[in-house]
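Since the structure comes first, as structure tokens, the remarks are kept for the end.
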Ligand SMILES: [Zn+2]
């Protein structure tokens with residue numbers, strides 16, 4: 001007998017594939033217009049989910065994509081801050097250059 005609880009599914013905002021909610025990273029914009037990573041999945045505000053595919057995370061955590069998603073201007077520092085929260089430490093020169 002199977003007694004699995006149905007897991008809530010959400011779509012990744014970038015690739016649109018469905019994932020179990022806990023396998024996604026939630027980015028929230030709260031009432032104050034602050035944007036941050038929400039590891040609890042419970043922060044109030046408008047949330048967007050992105051899967052763990054580095055390509056999706058990278059596309060989503062760009063300023064233009066975030067601005068389009070949350071329909072507001074977002075300072076570059078905020079983008080950097082959210083990237084840090086998600087664990088993407090400033091991939092600038094040198095880093096992430098796989099050959
Ligand atoms: Zn994705």
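Since every read-out is calculated from the coordinates, none of them should be taken as a lab result. On a predicted model such as this, the values are computed, not experimentally measured, just so you know. So basically every Cβ, Gly included, is an ideal-geometry build from the backbone, and we count neighbours across all protein chains shown.
Things worth noting here:
- Each peptide in 52-59, 40-47 gets a packing score, the mean of other Cβ atoms within 10 Å over its residues, and the list from highest to lowest is 52-59, 40-47.
- Relative to the longest principal axis of the Cα atoms of the chain, the long axis of helix 76-86 lies at roughly 40 degrees.
- Only helices enter the 222 nm calculation for the chain: every DSSP H run of n ≥ 4 contributes -39,500 (n - 2.57), and dividing by all residues gives -7500 deg cm²/dmol, rounded to 500.
- Value of relative contact order over the chain, rounded to a whole percent, pairs C-alpha under 8 Å and six or more apart: 21 percent
- Quick note on the chain: its Rg to Rh ratio, both from C-alpha atoms and Rh being the Kirkwood radius, is 1.02.
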